[in-house]
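Note sheet for the following structure.
The values are calculated or read from the model by the stated rules, or taken from the named source; none is laboratory data. Model, not experiment: these values are computed from the prediction. FYI the Cβ positions are ideal-geometry reconstructions off the backbone, even for glycines, and counts take in every protein chain you see.
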Amino acid sequence: MEHTRVAIIGSGPAGYTAAIYTGRAQLQPIVFAGEQSGGQLMWTTDIENFPGFPKGIAGPQLMMDVRAQAEKFGARMVDKFVTSIDVTSKPFKVSTADANFTADSIIIATGAESIMTGVPGEKVFLGRGVSTCAVCDAAFYRDKTTFVVGGGDSAMEDTLALTKFAKSVTVIHRRDSFKASKIMQERVLSHEKVKVMWNTVLKEVRGEGVVKEIVVETNGEAKTLQADGVFVAIGHKPMTRIFAEAVDLDDHGYVVTGKKSEKFPTMTSVEGVFAAGDNVDHKYKQAITAAGIGCSAALDTERWLESQQES
């Protein structure tokens, strides 16, 4: 059974950044990258808000570069999904479908996934007119016709982000009122660029290479509308189900950190198990913030391991 000082579960910005830092600390981490490594950025075309790339960079290219950087410093990649962890005794156990590993510490960096509507065409055009992050992609829709699906605070934030660039923003909401906070509703409803389609559901996304139109249904009546961009803003789901019996999760499934030790803010409810990225972050959900928390988790892990040797 192979042993590692640090097992990193996840391969997005948080996991790979943690691998870079623990690799440079000579901890020779093993990264369980999954069968499709790279996280949500693998579905993103151009990234313009990641520092260091004034001309932008494609999401998959950024992830491949960061992975190569982690490998340069000694991180070993295992392109398999983790099926379970056992943190009831030390060393911890990490299992995939066909192998078992032991680890002195674990960093959970499995991220979160956007909740999708599931309508035809949505996945086909993801990254080509369908987006789940207006803060990330709004600038690509300058003077374009855009739609936001949702009625919560995330949908309101996406709508307001789009108003800075898009020609028009139409919010599609299945009910006759928003569930967002009052102040966010007021900002959206009073904006001159924003229209709302109440009691309306998205039925299909169509296009040729990129999004060209959408089909919506209002009170049972179907309509086809010209569209350049569709932003799905109905929530995110942290990828933490397999950890539910191992560490504390909050009511929404995010890993709880910072309560076990003030000295190690990224530590979970189990000493020696840390968490980073979008499976921790309720609010920002940006590549750069995920990378930042990945850095913090790596430094906490390194210092915790050192403290174990001293005691």
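List of remarks:
- Among the residues making up region 293-311, those that are touching a residue at least 12 places away in the same chain (Cβ under 8 Å) and either in a loop (DSSP other than H, G, I, E, B) or surrounded by 15 or more Cβ atoms within 10 Å (Cβ to Cβ) (or both) are ILE293, GLY294, CYS295, SER296, ALA297, ALA298, LEU299, ASP300, THR301, GLU302, TRP304, LEU305.
- The one condition from (1) in a helix (DSSP H, G or I); (2) touching a residue at least 24 places away in the same chain (Cβ under 8 Å) that ASP65 does not meet is (2).
- For SER261, the conditions (1) within 20 Å of the chain's Cα centre (by Cα); (2) farther than 21 Å from SER95 by Cβ are fulfilled apart from (1).
- ALA155 being buried (at least 22 other Cβ atoms within 10 Å of the Cβ), hydrophobic (A, V, I, L, M, F, W, C) and part of a loop (DSSP other than H, G, I, E, B): no
- Residue match in region 13-36 (condition: in contact with a Pro (Cβ under 7 Å, 6 or more places away or on another chain) and either of a type in the set (Gly, Ala, Ser) or part of a loop (DSSP other than H, G, I, E, B) (or both)): yes
- Taking each residue of region 256-282 that is closer than 16 Å to ARG241 by Cβ and looking for partners that are at pLDDT 95 or above and of a type in the set (D, E, K, R) with beta-carbon atoms closer than 8 Å, six or more apart or interchain, yields VAL256/ASP248; VAL256/ASP250; THR268/ASP248.
- Positions within region 238-272 being touching a Ser or Thr at 6+ places or on another chain (Cβ under 7 Å) and of a type in the set (A, V, I, L, M), in sequence order: MET239, ILE242, VAL247, LEU249, VAL255, VAL256, MET267
- Each residue in region 125-147 was checked for being aliphatic (A, V, I, L, M) and at pLDDT 95 or above, and 1 of them qualify.
- Screening VAL66 with (1) touching a strand residue (DSSP E or B) at 6+ places or on another chain (Cβ under 6 Å); (2) β-branched (Val, Ile, Thr); (3) closer than 30 Å to ALA139 by Cβ gives one miss only, at (1).
- When the test is whether a residue is out of contact with any strand residue (DSSP E or B) (no Cβ under 8 Å at 6 or more places or on another chain), of a type outside the set (Val, Ile, Thr), under 21 Å from VAL31 (Cα atoms) and assigned by TED's automatic domain parsing to the domain that holds SER89, GLU262 does not pass it.
- Criterion violated by PHE73 - all others in (1) more than 21 Å from THR110 (Cβ to Cβ); (2) surrounded by fewer than 14 Cβ atoms within 10 Å (Cβ to Cβ); (3) in contact with a Lys or Arg (Cβ under 7 Å, 6 or more places away or on another chain) satisfied: (2)
- Selection within region 189-199 - closer than 20 Å to LEU160 by Cα and touching a residue at least 12 places away in the same chain (Cβ under 8 Å): HIS191, LYS193, VAL194, LYS195, VAL196, MET197, TRP198
- Matching strands (runs of 3 or more DSSP E) fully within region 84-149 where at least 3 residues are buried (at least 23 other Cβ atoms within 10 Å of the Cβ) and in contact with a helix residue (DSSP H, G or I) (Cβ under 9 Å, 6 or more places away or on another chain): 100-108, 145-149
Each row is one residue, and each column tells you yes or no for (1) closer than 16 Å to PRO13 by Cα; (2) in the same structural domain as ALA244 (by TED's automatic domain parsing); (3) among the polar types (S, T, N, Q); (4) within 20 Å of the chain's Cα centre (by Cα).
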{"residue": "ARG24", "(1), (2), (3), (4)": "no, yes, no, no"}
{"residue": "GLY34", "(1), (2), (3), (4)": "yes, yes, no, yes"}
{"residue": "GLY39", "(1), (2), (3), (4)": "yes, yes, no, yes"}
{"residue": "ASP46", "(1), (2), (3), (4)": "yes, yes, no, yes"}
{"residue": "GLU71", "(1), (2), (3), (4)": "yes, yes, no, no"}
{"residue": "PHE101", "(1), (2), (3), (4)": "no, yes, no, no"}
{"residue": "ILE106", "(1), (2), (3), (4)": "no, yes, no, yes"}
